[in-house]
Amino acid sequence: KQLWRNDFEKYYKKIEAAVKETKDETIRYNDNYIEAVYHSTSNGRTEDSITVWNNSYPYLKSVDSHWDLDASSYLKTTEKEFDILKSLIGIDFTNETNIKILSRTAGNRVKEVMIDNVVFSGIKLREMLGLRSADFEIEIKDGKAVFITRGFGHGVGMSQYGANGMAKEGYTYKEILKHYYPGTQIKKGD
């Protein structure tokens, strides 16, 4: 009620209807319940679970999610002072610091980045710096490091903004779930 204020009843009824319409439905892969992970916003593709958690699931692979490109949370620029970066990752940043993205994942996120001969995984650097996504670029500008991120979250599974974009184009919830969790089945009952 606090968040939705005057729209509370409208949204509550929408959620209530969705719950009733999908009662007793489950998403499964080879008759096993899936790990139905999700994130806010992709960078235009979702990520393979092996890249993020070292666990491979056949239904958590990188898929197209171009609907996210128009989301308000898609692009974010964050600046960090050199002294803050030193305290967070232990490297003395200067205007001459050498930064090179060495490789990217299937979902186009940074797999490895080298900063002055120290190699970090994109996931680890995202975590250490509190970045919104592992799809980032780094620029050194005026005594600061500028991080440009695309997407918001780990990128695995269903993108909330992508699913919303699909729904606006007329896709059903079953089509959306099968897109983000390929090879799965939606079953009613046990």
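Summary of values
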read-out: Scan of the stretch 122-155 for residues that are open to solvent by 30 Å² or more (accessible area, probe 1.4 Å) and touching a Lys or Arg at 6+ places or on another chain (Cβ under 7 Å), ordered by number; value: Arg132, Lys144, Phe152
read-out: Selection status of Gly44, without any contact (Cβ under 8 Å) to a residue 40 or more places away in the chain, open to solvent by less than 90 Å² (accessible area, probe 1.4 Å) and of a type outside the set (A, V, I, L, M, F, W, C); value: no
read-out: Qualifying positions in the stretch 156-190 - touching a residue at least 12 places away in the same chain (Cβ under 8 Å) and either touching a Lys or Arg at 6+ places or on another chain (Cβ under 6 Å) or of a type in the set (A, V, I, L, M) (or both); value: Val156, Met158, Ala163, Met166, Ile176, Leu177, Gln185, Ile186, Lys187
read-out: For Val19: the one exception among (1) open to solvent by 50 Å² or more (accessible area, probe 1.4 Å); (2) outside any helix (DSSP H, G or I); (3) over 30 Å from Val146 (Cα atoms); value: (2)
read-out: Residue that is nearest to Gly44 (Cα to Cα) [pool: residues in the stretch 65-103 that are surrounded by 12 or more Cβ atoms within 10 Å (Cβ to Cβ), charged (D, E, K, R) and touching a residue at least 24 places away in the same chain (Cβ under 8 Å)]; value: Asp68
read-out: Search result, residues across the stretch 14-28 that are touching a helix residue (DSSP H, G or I) at 6+ places or on another chain (Cβ under 8 Å) and among the hydroxyl-bearing types (Ser, Thr, Tyr); value: Thr22
read-out: Verdict on Tyr29 being crowded, with 17+ Cβ neighbours inside 10 Å and either touching a Gly at 6+ places or on another chain (Cβ under 8 Å) or of a type in the set (A, V, I, L, M, F, W, C) (or both); value: yes
read-out: Unique residue being crowded, with 20+ Cβ neighbours inside 10 Å and in a strand (DSSP E or B) when the list is Val113, Val119; value: Val113
read-out: Subset of the stretch 163-176 (residues that are in a helix (DSSP H, G or I) and farther than 16 Å from Asp68 by Cα); value: Tyr173, Lys174, Glu175
read-out: Selection from the stretch 156-190 of residues that are surrounded by fewer than 20 Cβ atoms within 10 Å (Cβ to Cβ) and within 13 Å of Thr41 (Cβ to Cβ); value: Gln160, Asn164, Gly165
read-out: Residues of the stretch 24-62 classified as of a type in the set (Asp, Glu) and in a loop (DSSP other than H, G, I, E, B), total; value: 4
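The values are calculated or read from the model by the stated rules, or taken from the named source; none is laboratory data. Note that this is a predicted model, so its numbers are computed, not measured. Neighbour counts are summed over all protein chains in view; Cβ atoms, including those assigned to glycine, are modelled from backbone coordinates with ideal geometry. Accessible surface is based on the protein model in full, side chains and every heavy atom, while ligands, DNA and RNA are left aside. Shrake-Rupley method; radii C 1.70, N 1.55, O 1.52, S 1.80 Å.
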